[in-house]
1. Taking a threshold of 21 Å on the Cα-Cα distance, which of the pairs K29/K111; K29/K161; K133/K160 fall above it?
2. Express the C-alpha Rg of region 160-313 as a ratio against the empirical globular expectation 2.2 N^0.38 Å, rounded to two decimals.
3. Given H placed 1.01 Å from N in the peptide plane, which residues other than close sequence neighbours of A118 have an amide H under 5 Å from its amide H?
4. With springs connecting C-alpha atoms under 10 Å apart, model the chain as a Gaussian network and identify which of D221, D85, D314 has the largest mean-square fluctuation.
5. Compute the angle between helix 2-24 and the longest alpha-carbon principal axis of the chain, please, reported from 0 to 90 degrees and rounded to the nearest 10.
6. Can you tell me how region 109-200 classifies by the Cα gyration tensor, rounded, prolate or oblate, using a/c under 1.5 as the rounded cut?
7. Please give me the summed charge of the neighbours of I166: other residues whose Cβ is under 10 Å from its Cβ, Lys and Arg +1, Asp and Glu -1.
8. Considering only protein heavy atoms and a probe of 1.4 Å, how much of the accessible area of the chain is carbon and sulfur, as a whole percent?
Amino acid sequence: MKKQLASSLAVAFSAVLVWSCNQSDPDPKGDYVSGVFVSNEGNFSQNNGSVSFFPRERNTADADIFAAANGTALQGGVQDFVAADGKGILLVDNSVAGQDKVVFVDSYTFKSEASIGAPDIENPREAVITGSKAYVSCWGTNADLKYTTGYIAVIDLATKKVTKKINVADGPENLVYSNGKLFVGSTPWGAGNKLTIINTTTEEAGSPIATQGAANPVGLDANGKLWVNANDKVLRINTETNATETTLAIATEGFKSPGNFTFSTDLRSIFFVLSWFDSNGRELGATYKFGIGDAQIAMTTPLIPRVFTGLAVDPTQGLLYAGVTPSYAQAGYAIRYRTDGSVVDSIKVGVAPTGFFFQ
């Protein structure tokens, strides 16, 4: 009798445990629900770009998760990856004309859902998602390398189709969205020394903001002000009036180039890389940091005495992620730093890591 009672209680307990687990642990959405995606641009002539992934608590990455999920590689260089509400878009730039594309994936499983190719998408550069739309900056065909065929492709995320191409004929690059305005930067190889402003309600470009050099919008600070890099300066712009409120100089010595700007988690500090090439073609440089309230950018001592091909700060942990590209013929690394410049660890990823997305 005691054995039967114990057995009955065990069965009942097991049933309750199973029911409890089913209630609290729903079926997982996929293998990539939470963690870090690394966009590996790859070698342009080999079209071997990829996306690596690792959970934050791990120091090894899953290589080429698109190929793992779909049985085929992306077949191009990865320019950008962004996602919202489990829906992601990849920008793929192929060395063969007419083979560029935007690929839609489930960001939790990385299964491909659809794609858009030429002529709607040609030489894609960067993407932002806002609401039910995505905006993708494209250089266009750019056959003459003068960057005069650029546009912003407006994509309806429900239909996965381009609904409009907004002319931005200056080699459009980085994008920042703020309260109904899309701020569009331009490539330094073009002639567009201005920050284009697109009204996302009318989907029309308004009067641009003139800049001394190609404009590179960085992002919005803790006060909602837009920071923009233009040549050897950074500008703080009021997004309501479009007026430039502050200009800070970067000591480039006439031959160094700033890039890879990114904000700290609290949006009160900005990190960036200052780099140059020596006579042997080797890229040299260092990484610096300044505050949004600083009167000048201190360049005496760098935060990290090395150059990186990508920078981003994880909003969850506050760590600085830096991409290292030893060469375009071997795997690169994602190095994690604390914001004081001390190293946490290093993770092997794909060829030429240039971007990070945190989910």
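1. Values: K29/K111 12 Å; K29/K161 25 Å; K133/K160 9 Å.
Distance filter (> 21 Å) returns K29/K161.
2. Numbers: Rg = 16.0 Å, N = 154, 2.2 N^0.38 = 14.9 Å.
Relative to the 2.2 N^0.38 Å estimate, region 160-313 comes out at 1.07.
3. D100
4. The residue that fluctuates most here is D85.
5. Computed tilt is about 20 degrees.
6. On the way: a/c = 2.11, a/b = 1.32, b/c = 1.60.
Oblate.
7. On the way: positive: K164, K165; negative: E203, E204.
Summing Lys/Arg as +1 and Asp/Glu as -1 gives 0.
8. Details: 8550 of 16970 Å².
The C+S portion of the solvent-accessible surface of the chain is 50 percent.
The values are calculated or read from the model by the stated rules, or taken from the named source; none is laboratory data. Since this is a predicted model, take the numbers as computed values, not measurements. Neighbour counts run over all protein chains shown; Cβ positions are idealised from the backbone, glycine included. Ligands, DNA and RNA are excluded from the accessible area calculation, which covers all protein heavy atoms including side chains. Shrake-Rupley method; radii C 1.70, N 1.55, O 1.52, S 1.80 Å.
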